[in-house]
Structures are given as structure tokens and as C-alpha cells.
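Scroll down for the structure; my scribbles are underneath it.
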Amino acid sequence: MRVFVTGATGFVGSAVVQELLDAGYEVLGLARSAAAAESLAATGAAVHRGSLEDSDSLRRGAEAADGVIHTAFIHDFSKFAQNCEIDRQAIEAIGSVLEGSQRPLLVTSGVALLAQGRVATEDDGPVPVSDSYPRSSEVTATALAARGVLASVVRLAPSVHGRGDHGFVPHLIRVAREKGVSAYIGDGLNRWPAVHRRDAARAFRLALERRAAGAKYHAIDEPGIAFREIAQAIGRGLDVPVVALAPEAAAAHFGWFARFAMIDAAASSQRTREVLGWQPTQPGLLDDIDAAGYFESAA
């Protein structure tokens, strides 16, 4: 089976590529630049030059494959709405090729905003698209499934961790370095799910093999780590004080990240584990913060 992977050189996508290759799949990876193409070819994957903005390249990649895993997203939050529209168009382009076939499509989503204050499950519907949350990847995948595409969704934890992480935890480490303290808000008991990138990659492979339409899977190892514990791990790693902030002080400290630092986003993966036979085996987030080079990479 040949799988077309977008975001093939990204933090999650590169782990997906390696997982597929290790399982004996052929991989065709999307590469925007010559450097990305070289990096991808070194893994043993085939290279497909193109980009999320180039719908024709995406259609050609999907046409050349027996299934597609879409992990790519342009992570520029200053142009979030624009990048969400690029993502929607990319998913539509891929889906147009797969419609009416038995070739599966996996689309990447997240759990962070599904169920504030309670444990989100696979039964929860997608976050409604709005001006405040314009990302429509999951809504688009659901619409494709209704049109006869074997489209399903893998929802990731807000912290997908491991060596080379450049997401939320490294950002928190940079803020703690700049401010001289590692902070949480209020009592710090708001919960963050987490998963190691290699465990997440295995969830993608298992979901691809199941070939379901309209399914929602949660790539979640730890359902909810108290944000205070994350701040404490960062404080230990940097040898800086750990402090509690009043909610009204959050914006001044965290900037654009303040909204995320207050999210209570616990999520279950019980059904995903049962349906896919998926069991995470990699280190948890707090152990990884201590051992996976986070304080070197965030320097």
C-alpha cells in the first residue's frame, strides 16, 4: 500500500512517515522545498514536490496513492484564519480525488476546545467553525465522509511531545526564560492531555488500516496533566521560581498564549484504544520534559 503524507517532514508527520515505513508501507511525502525533499528522501520515502497552497499538486499526490494522511498545517498564528482556509481547500482537493473510492483519508484535528471543563470523548462533535475559531479541518472531513470518502479524523493532544518538539511546551519554556519565572494561572489545576509523537504516529497507522468513514480517534496517552505540574517541571529544568498568576495577569505574562494556558481540556481515548487496539508505550510528558532535550532546544 502506498500512502501519501502531507506534512511529511513536520514534527508529527515525520513520525508518521517512519511508522509507515517500519510497517512495510510505501510512502509518498509532500515536500515544499529542496531541503525538505532531501530530508524526506533520506528516510527512504518517495518525494512529491508541492505545497498546501497548490491544489493540483495535492490532487496528483492523492491520485498516486492508496490512502492519504493529512498532517500538514501552516503554523503561523498571525495569519490563522488565512491558513485555516488553505487547510480547508487542501482537504477538499484531496477528497475530490478519493470520493467514491475505497482509499482512506485521515485528517488531523485536536481536542483542546472540544469540552471545556469536562472530559472530551470521541462522541463529541467538532468545534463549530466561527470567526474566533476558523479552523474547519474536522468539519470538512465530516462533509467528505457524507459524500462517499472514507474520511476520518485523528484528534491530537495539545501537547504532542518528544525530541524536536517546537510546539506549546517549548513556547512555555521560552516565556519562563524571558520572565525569570515559570507560571500557571489560578490554582493551576486546569488539565492538558498529552501524547508522545511516536505513539501518535502509531494511532494514525492503525486508523488508516481500519478504513472507516466518519470515525473520530483520540491520540491521547495522558488524559489530563495539571498545568501547574507542567510549570513545575519547567521551573525545575530552568532552575527558576514557579509562581501562580491571577487570571487578569495572564495576558501580560503569556501574551497570545494566555487563552491556551487557561484551557481545561481533559480528553479520553478509551474508545480509540478499544477500536484500534492502540496502547501508548512511550514516556509521558513530564518525564519527557526532563529527558528529551527540551531545555537545550528552547535555549
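Every read-out reported here was derived from the displayed coordinates using simple, explicitly stated rules and does not represent laboratory data. Bear in mind that the values here come from a model prediction, so they are computed numbers and not experimental data. Positions of Cβ are generated from backbone atoms using ideal geometry, with glycine treated the same way; all protein chains shown enter the neighbour counts.
Brief remarks follow.
- Cα centroid separation, the range 94-122 to the range 32-59 (Å): 23
- Cα long-axis angle, helix 137-146 against the chain (0 to 90 degrees, to the nearest 10): 30
- Sorting 165-178, 148-161 by average packing, meaning the other beta carbons within 10 Å per residue, from highest down gives 148-161, 165-178.
- Contact order relative to length of the chain, as percent, for alpha carbon pairs under 8 angstrom and 6 or more apart: 19
- Calculated P(r) tail over 25 Å for the range 191-299, as whole % of Cα pairs: 34
- Diffusion of the range 195-250 by Stokes-Einstein, at 10 °C in a medium of 1.306 mPa s and with Rh set to the Kirkwood radius over alpha-carbon pairs, works out to 109 µm²/s.
- Gaussian network model of the chain, Cα within-10 Å springs - most flexible of Pro247, Pro134, Pro104: Pro247
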